[in-house]
Amino acid sequence: MKKATIFLILFSLLGFVSAQDFDFQRTTIESVQGDYVSVDPNGNAYVVDGSVLYKVDSAGHPLYTFSNSLWGNISSVDVDNPLKIMLFYYDEALIVFLDEKLTPISEPLDLFEHDFKNITVATYSTDNTIWLYDVVFQDLISVNFHLKELSRNHLTLPSFNPTQFFSLQEKQLVMNNPSTGIIFFDAFGTYLKTLPFVFQTVNVDASHIYYIKWNHINDGVAIYSNEAQLCIYDYVKMELRQVDVPADVSSVTALHRNRLYYMDKERKLNILTIK
């Protein structure tokens with residue numbers, strides 16, 4: 001199948017329906033390197049490289065950089081609200097909010113000072129609620145911007161040690177627990193369901209789960225990847241699509257309209273743009 005046809009399938013799934021074939025242009029942003037990328041609703045990309053956060057516009061132009069090495073490495077970034085970007089620092093148990101220019105909005109929120117000592121993942125909800133997960137007591141906790149506790153739900157899920165935490169605009173919470181799958185909660189932190197997708201890293205939006213699958217070849221000397229696929233599972237319609245992507249993709253991609261963002265094996269940001 002031609003690449004243009006493959007990408008037609010992808011973007012038809014995402015709302016780009018057309019009878020014509022598409023070509024795509026790959027742009028590598030040499031100056032932006034990191035471990036993973038997120039994309040906000042406006043198509044701006046945010047790349048995390050240890051303690052450094054880069055913001056890149058939808059055309060691939062670097063805009064702003066934020067870094068504070070005293071706080072350690074950035075564990076996660078939540079960009080659903082581009083005017084209030086949340087950074088979570090696991091090692092120092094800090095939460096920091098930035099504006100659209102990656103300037104801190106206020107002083108860091110210190111979880112240790114407020115007796116939240118076992119938080120492994122955190123996310124920011126569009127209703128101005130911060131959600132935390134206490135891995136020792138298995139509690140899902142909501143707090144306000146003063147770290148005042150609003151609610152606490154005790155979970156009884158087996159082998160539950162999530163590595164990713166998402167807040168969806170549809171008032172749902174999602175956690176990726178690589179040993180069991182993708183866990184869904186409602187807006188009050190009540191368990192809803194588990195989807196058995198067992199991957200270390202995924203992306204989740206209002207209707208889809210995205211993950212990368214590599215095909216490997218053993219040439220007798222080494223095992224290497226010769227092909228990668230972006231897998232898109234529509235958990236509303238329960239449909240799976242697989243789309244060929246460049247084999248050098250090294251992390252789960254981020255999608256926004258006609259652009260596909262990913263970090264390659266040299267840790268450089270790449271953008272595939274449909275023409």
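Annotations for the structure displayed:
- Of the residues making up segment 150-161, those that are outside any strand (DSSP E or B) and surrounded by 12 or more Cβ atoms within 10 Å (Cβ to Cβ) are L155, L157, F160, N161.
- Of the residues making up segment 116-149, those that are within 19 Å of the chain's Cα centre (by Cα), surrounded by fewer than 19 Cβ atoms within 10 Å (Cβ to Cβ) and hydrophobic (A, V, I, L, M, F, W, C) number 0.
Conditions (1) open to solvent by less than 60 Å² (accessible area, probe 1.4 Å); (2) modelled with pLDDT under 90, marked per residue:
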position: L10; (1), (2): yes, yes
position: L13; (1), (2): yes, yes
position: V17; (1), (2): no, yes
position: D23; (1), (2): no, yes
position: N44; (1), (2): yes, no
position: V48; (1), (2): yes, no
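- Within segment 57-100, if we keep just the residues that are over 19 Å from the mean Cα position of the chain (by Cα), closer than 24 Å to I271 by Cα and small (G, A, S), the residue that is surrounded by the most Cβ atoms within 10 Å (Cβ to Cβ) turns out to be S67.
- Subset of segment 201-228 that is more than 14 Å from Y261 (Cα to Cα), polar (S, T, N, Q) and surrounded by 12 or more Cβ atoms within 10 Å (Cβ to Cβ) - its residue that is modelled with the highest pLDDT: S207
- Taking first residues from segment 66-92 that are touching a residue at least 60 places away in the same chain (Cβ under 8 Å) and partners that are assigned to a strand (DSSP E or B) and open to solvent by 40 Å² or more (accessible area, probe 1.4 Å), no Cβ contact under 8 Å between residues at least 6 apart in sequence or on separate chains turns up.
- Yes/no for Q164 being out of contact with any helix residue (DSSP H, G or I) (no Cβ under 6 Å at 6 or more places or on another chain), open to solvent by 70 Å² or more (accessible area, probe 1.4 Å) and either closer than 21 Å to I74 by Cα or of a type outside the set (V, I, T) (or both): no
The values are calculated or read from the model by the stated rules, or taken from the named source; none is laboratory data. Worth saying up front: this structure is predicted, and the values here are computed from it rather than measured. As a convention, Cβ positions derive from the backbone with ideal geometry for all residues, glycine included, and neighbour counts pool all protein chains shown. Each accessible area value is taken on the protein alone, full model and side chains, heavy atoms only, with ligands, DNA and RNA left out. Shrake-Rupley method; radii C 1.70, N 1.55, O 1.52, S 1.80 Å.
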